[in-house]
Amino acid sequence: MYFCVELNKEFQMETPKIAIIGLGYVGLPLAVAFAKKYPVIGFDINKKRIEQLHAGFDMTLEIESEKLKGVTVPTSDDLAKNKSGFFATDSLDEIADATIYIVTVPTPVNEQHKPDLTPLYKASETVSKVLKKGDIVIYESTVYPGATEEECVPILEKGSGLVYNTDFFAGYSPERINPGDKEHTVEKILKVTSGSTPEIAEIVDQLYKKVILAGTFKATSIKVAEAAKVIENSQRDINIAFVNELSRIFNLMDIDTSEVLEAAATKWNFIKFTPGLVGGHCIGVDPYYLADKAQKLGYNPQIILSGRRLNDSMGPFVAQETVKLMIKKDIPVKNSKVLVMGITFKEDCPDIRNSRVIDVINELKSYELEIDVFDPWASKEEVKEEYGIDLLSEKSELANDYNAIILAVSHKKFNGFEYLKFAASTFVLYDVKGMLSKEESDGRL
C-alpha cells in the first residue's frame, strides 16, 4: 500500500512510518489503531511504561493484553521492511526514521488555572532532534487556538534548523478519547483533521481515514481544528454548571433535581445533563485554555469562567451538605469517621487526573473529620503520589463504624454495596451521582 500525495517536485509522501509521542490514554489506543495499517513506534519517556507494554500490560486499562501481544523494541529489519505493527521504546534513536510524528502528551493547567504547556514544549523539543526534511508533525493535545503554530512550530524550527512549510509541515487532529468507554473507541469517533497547507491537510485527512471507521472531517485550518476541540468541552462544562446550579437551588426548595430533569426531558429539544463533580483531563481543564487566550487578547470571558467557578465549587458544597446532614442527625462532627467512595475522575476507569473528589476530601478535613477513601479501580501508588492519600482498595480494609458515607463516583462495582455493614448505628449517606433512589440516601445532588 502506498500513500502518495505530490507536494512539489522534490517531495512525495510514501508509506508513512509513524511515531506516537506519549503513550497514555490518548497515544496508546491511537498507536494500536494505526499499527493495523502501518509501522508504528510508540515513544514515551517513562521507561516503566514501556516495560509494561512489552509485557502486554496497559495500566490505563484502555487496551486489552491480547492486543499488546508482540509489542517489542523495533529492530532495523522491522523498520526497513515497513512492517506494520506496534513497537514501543524510550530511545530517541529508534524514532529517527519516522516520517510522521503524532504528539499526544497531556496539556494540564497549573494551580492558578493557567495553561501548562511544559509537556507540549518538551515533546516538541524531542521531535525537533529527529525532524527531517519532508516530515509532518501532527498534534493531538488540546490547546487554545493558535498554540500549534505559535508555540510548538518555533520549537521544532529552532531544534531542527528546518523551515516550517518549506522543509517540514504540521497538522492538528484533536483527540476525542473518552477514558473507560469501551463503546466509543478511537476508531469509532469521527476525527477532525487539519494541516498547515491544503496539500498537507489532505495527507493528514487521508492518513486518519485509513484507521478511523467513523470517518473524518477536514477543518479549514489548524486554528479552526484547535478551536473546535476546545469548545467541545467548554460547552459541556457550561451545561453541567447550569444543572449544578439548578441542583443547589432545588435543594433549597426541597425538590429532587433528578425528578425535575426527567420531567423537563419529555420536551423534544431539551438537552439532559446531570449534576456532579467536573474533573478529568478535558472538561475541567479545556475551558481555562480558551479563557486564558481570550484574556491575553483583552477579552474577559464571562460565561466560560462563571461555569468553571460554579463547577469548581461543587466539591466543597458536597462536603458541607454532608456535614449539615450529620448535624441534623445529632452526629458529632469533629473526629467522626467518613468513607468517601471513589477517587477517580469518572466511573469505571482508573484515571485520577484532576479528580474533583479531592475537593470533597479537603473540605471534610477542614471539619477535622477522619476520612477513608475507597476505590477498587484506582492505583494506590498513584493516589499516594498525586494526593498524599492512603487508598483503600478492598472491602476488607474498611471499618464498620462510619458516621457518613459519600458515594462520590458511580463505579458499577459499587452497585449493591452493603452500606449498613460499614456504617455506625446512626450515619449519613450522601449520593453525589444519583446511583440510589432518594429514599435510600439522605441527600444527593
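The values are calculated or read from the model by the stated rules, or taken from the named source; none is laboratory data. Bear in mind the structure is a predicted one, so any value in this text is a computation, not a measurement. All Cβ positions, glycine included, derive from the backbone under ideal geometry; neighbour counts span all protein chains shown. With ligands, DNA and RNA removed, areas are computed over all heavy atoms of the protein, side chains included. Shrake-Rupley method; radii C 1.70, N 1.55, O 1.52, S 1.80 Å.
Look through the range 25-46, keep the residues that are in a loop (DSSP other than H, G, I, E, B) and open to solvent by 10 Å² or more (accessible area, probe 1.4 Å), and return whichever of them is farthest from Thr15 (Cα to Cα). Per the criteria, the residue is Asn46.
Please pick out the residue among Glu151, Glu187, Glu140 that is among the acidic types (Asp, Glu) and farther than 21 Å from Lys17 by Cα. Show your work before the answer.
On the way: Glu187 fails: farther than 21 Å from Lys17 by Cα; Glu140 fails: farther than 21 Å from Lys17 by Cα.
Of the residues listed, the single one that is among the acidic types (Asp, Glu) and farther than 21 Å from Lys17 by Cα is Glu151.
Does the range 307-322 include one or more residues that are open to solvent by less than 10 Å² (accessible area, probe 1.4 Å) and among the basic types (Lys, Arg)? Looking for residues that are open to solvent by less than 10 Å² (accessible area, probe 1.4 Å) and among the basic types (Lys, Arg), one finds at least one in the range 307-322, hence yes. The numbered conditions (1) over 22 Å from the mean Cα position of the chain (by Cα); (2) open to solvent by 40 Å² or more (accessible area, probe 1.4 Å); (3) not acidic (Asp, Glu) are all true for Ala219 except (2).
When you scan the range 96-103, do you find a residue that is small (Gly, Ala, Ser) and buried (at least 21 other Cβ atoms within 10 Å of the Cβ), even just one? Write out each step before concluding.
In the first step, residues of the range 96-103 are kept if they are small (Gly, Ala, Ser); the result is 96, 98.
Among the residues that remain, those that are also buried (at least 21 other Cβ atoms within 10 Å of the Cβ) are: 98.
Yes, there is a match, as at least one residue in the range 96-103 is small (Gly, Ala, Ser) and buried (at least 21 other Cβ atoms within 10 Å of the Cβ).
So how many residues does the range 47-63 have that are within 22 Å of the chain's Cα centre (by Cα), free of Cβ contacts under 8 Å to residues at least 24 places away in the same chain and in a helix (DSSP H, G or I)? Quick ask: steps written out before the conclusion?
We begin by selecting, within the range 47-63, every residue within 22 Å of the chain's Cα centre (by Cα); these are 47-50, 52-53, 57-63.
Next, from what is left, pick out any that are free of Cβ contacts under 8 Å to residues at least 24 places away in the same chain: 48, 52, 57.
From the residues that got through so far, the ones that are in a helix (DSSP H, G or I) too are 48, 52.
Residues that pass the stated criteria total 2.
The residues of the range 322-343 that are in a helix (DSSP H, G or I) and basic (Lys, Arg), listed by number, are Lys324, Lys328.
Looking across the range 263-272, the residues that are at pLDDT 95 or above and either within 30 Å of Cys349 (Cα to Cα) or in contact with a helix residue (DSSP H, G or I) (Cβ under 7 Å, 6 or more places away or on another chain) (or both) come down to Ala265, Phe270. Cβ separations smaller than 8 Å between residues 6+ apart or across chains give the following pairs from the range 181-200 residues that are of a type in the set (Lys, Arg) to residues that are modelled with pLDDT under 95: Lys191/Arg176.
Could you list all residues from the range 245-283 that are of a type outside the set (Val, Ile, Thr) and under 26 Å from Thr107 (Cα atoms)?
Kept after step one, since they are of a type outside the set (Val, Ile, Thr), are these residues of the range 245-283: 245-248, 250-254, 256, 258-259, 261-265, 267-270, 272-273, 275-277, 279-282.
If the condition is that a residue be of a type outside the set (Val, Ile, Thr) and under 26 Å from Thr107 (Cα atoms), then Phe273, Pro275, Gly276, Leu277, Gly279, Gly280, His281, Cys282 are the ones that fit.
Being assigned to a helix (DSSP H, G or I), charged (D, E, K, R), within 23 Å of the chain's Cα centre (by Cα) and surrounded by 13 or more Cβ atoms within 10 Å (Cβ to Cβ), is that true of even one residue in the range 291-304? Give the steps one after another, and end with the answer.
Here is the first cut: in the range 291-304, the ones assigned to a helix (DSSP H, G or I) are 291-296, 302-304.
Then keep just the ones that are charged (D, E, K, R); that gives 292-293, 296.
Now drop any that are not within 23 Å of the chain's Cα centre (by Cα), which leaves 292-293.
With the extra rule that they be surrounded by 13 or more Cβ atoms within 10 Å (Cβ to Cβ), the set shrinks to 292-293.
Yes.
Taken over the range 231-258, residues that are under 13 Å from Arg444 (Cβ atoms) and without any contact (Cβ under 8 Å) to a residue 24 or more places away in the chain amount to 3.
Residue under question is Lys293, and the condition is that it be within 24 Å of Ala408 (Cβ to Cβ), among the basic types (Lys, Arg) and touching a helix residue (DSSP H, G or I) at 6+ places or on another chain (Cβ under 9 Å); does it hold? In short, no.
Here's the yes/no breakdown for (1) more than 21 Å from Pro179 (Cα to Cα); (2) under 25 Å from the mean Cα position of the chain (by Cα); (3) without any contact (Cβ under 8 Å) to a residue 24 or more places away in the chain:
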{"residue": "Leu364", "(1), (2), (3)": "yes, no, no"}
{"residue": "Tyr367", "(1), (2), (3)": "yes, no, no"}
{"residue": "Ile371", "(1), (2), (3)": "yes, no, no"}
{"residue": "Pro376", "(1), (2), (3)": "no, yes, no"}
{"residue": "Glu382", "(1), (2), (3)": "no, yes, no"}
{"residue": "Glu394", "(1), (2), (3)": "yes, no, yes"}
{"residue": "Asp401", "(1), (2), (3)": "yes, no, no"}
{"residue": "Phe422", "(1), (2), (3)": "yes, no, no"}
{"residue": "Thr426", "(1), (2), (3)": "yes, no, no"}
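For Ser124, the criteria (1) open to solvent by less than 60 Å² (accessible area, probe 1.4 Å); (2) at pLDDT below 95 hold in every case but one, which is (2). Starting from residues that are at pLDDT 95 or above and polar (S, T, N, Q), keep the ones in the range 141-189 and report whichever is most open to solvent (accessible area, probe 1.4 Å). That would be Thr166. Only a single criterion out of (1) touching a helix residue (DSSP H, G or I) at 6+ places or on another chain (Cβ under 6 Å); (2) modelled with pLDDT under 95 is not satisfied by Arg353, namely (1). Counting only residues that are loosely packed, with under 10 Cβ neighbours inside 10 Å and basic (Lys, Arg), the range 252-286 holds 1 of them. Considering every residue within the range 402-410, establish whether at least one is modelled with pLDDT of 95 or more and closer than 20 Å to Met59 by Cβ. There is at least one residue in the range 402-410 that is modelled with pLDDT of 95 or more and closer than 20 Å to Met59 by Cβ.
Which of the numbered conditions does Ala241 fail, given that it passes all the others? Conditions: (1) open to solvent by less than 40 Å² (accessible area, probe 1.4 Å); (2) touching an Asp or Glu at 6+ places or on another chain (Cβ under 8 Å). For Ala241, the failing item is (2).
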